[in-house]
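Everything on this sheet refers to the single structure shown next.
The values are calculated or read from the model by the stated rules, or taken from the named source; none is laboratory data. Everything numeric here is computed off the predicted structure, so don't read it as measured data. Please note: Cβ atoms are built from the backbone with ideal geometry, for glycine as well, and neighbour counts cover all protein chains shown. Heavy atoms of the whole protein, side chains included, go into the accessibility calculation; ligands, DNA and RNA do not. Shrake-Rupley method; radii C 1.70, N 1.55, O 1.52, S 1.80 Å.
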Amino acid sequence: YVENMLDGLTGNLTEKQSYYLSRVKFNTERLTRMINDLLDLSRMEAGRVEFNADSLALQELVADVVEAVQPLADEKGITIHHAVTAELPPLVGDRDKLYQVLTNLIQNGIKFTPKGGEVRVRCEALDSGFVQVCVADTGCGIPPNEIDKVFDKFYRGESVPPEARGAGLGLAITKGLVELHGGRIWATSQLGQGTEFYFTVPTKTSGS
């Protein structure tokens with residue numbers, strides 16, 4: 001209904017009415033994301049997450065995710081680069097969950113990168129039978145004393161502006177989904193220069 005009103009289906013709105021309705025829409029969407037995060041976390045902790053393993057091409061998955069988040073990047077003036085070689089072996093994983101992992105990390109990079117910045121997605125095959133994915137941004141970076149806490153449930157960085165803080169569940173869920181695949185996730189960062197998130201997923205030839 002709010003979207004209908006903003007689209008003018010109920011008549012013309014004043015500037016103040018449009019502003020108030022836009023804030024209602026923004027915060028409703030924020031609450032929805034928080035509720036979905038809580039539901040995801042509760043399912044993971046209860047061991048009720050369905051895992052549908054299949055062979056999939058990483059390059060296609062990355063392209064799909066980048067296309068989906070491109071409007072958000074355009075809105076903030078962020079450029080997304082993704083480099084995935086066609087020689088990568090197929091992965092073994094749950095496509096929907098890996099889609100969620102990539103979406104969370106790329107959206108996170110967009111969120112904390114100022115206008116004119118970049119988010120880069122790089123992928124490479126490792127000799128250990130895994131593919132490593134890196135999502136790097138040119139944002140504010142994470143202080144050294146916080147880097148080991150970013151994957152903790154409900155952790156919200158002290159250096160993050162209040163308006164950019166969420167429920168502190170996105171990265172915890174991302175970590176759980178990566179570990180569900182038998183991979184691992186970690187981050188490196190430099191204040192004022194950006195952050196790099198890495199995660200690994202087994203390939204079809206790894207025997208996982």
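Within the stretch 84-121, track down each residue that is small (Gly, Ala, Ser), more than 14 Å from ASP137 (Cα to Cα) and open to solvent by 10 Å² or more (accessible area, probe 1.4 Å).
Start the filter on the stretch 84-121 by keeping residues that are small (Gly, Ala, Ser), which leaves 86, 93, 109, 116-117.
From what is left, the residues that are more than 14 Å from ASP137 (Cα to Cα) are 86, 93.
Result: ALA86, single match.
Do any residues in the stretch 94-105 that are at pLDDT below 95 have Cβ atoms under 6 Å from those of residues that are not in a helix (DSSP H, G or I), where the two are at least six apart or on different chains, and which pairs are they?
From the stretch 94-105, the pairs are ASP94/PHE51; ASP94/ASN52; ARG95/LEU56.
Name the residues in the stretch 80-137 that are of a type in the set (A, V, I, L, M) and not in a strand (DSSP E or B), would you? Lay out the reasoning, then the answer.
Within the stretch 80-137, the first condition is being of a type in the set (A, V, I, L, M), and the residues that meet it are 80, 83-84, 86, 88, 91-92, 98, 101-102, 105-106, 110, 119, 121, 125-126, 131, 133, 135-136.
The answer is VAL84, ALA86, LEU88, LEU98, VAL101, LEU102, LEU105, ILE106, ILE110, LEU126.
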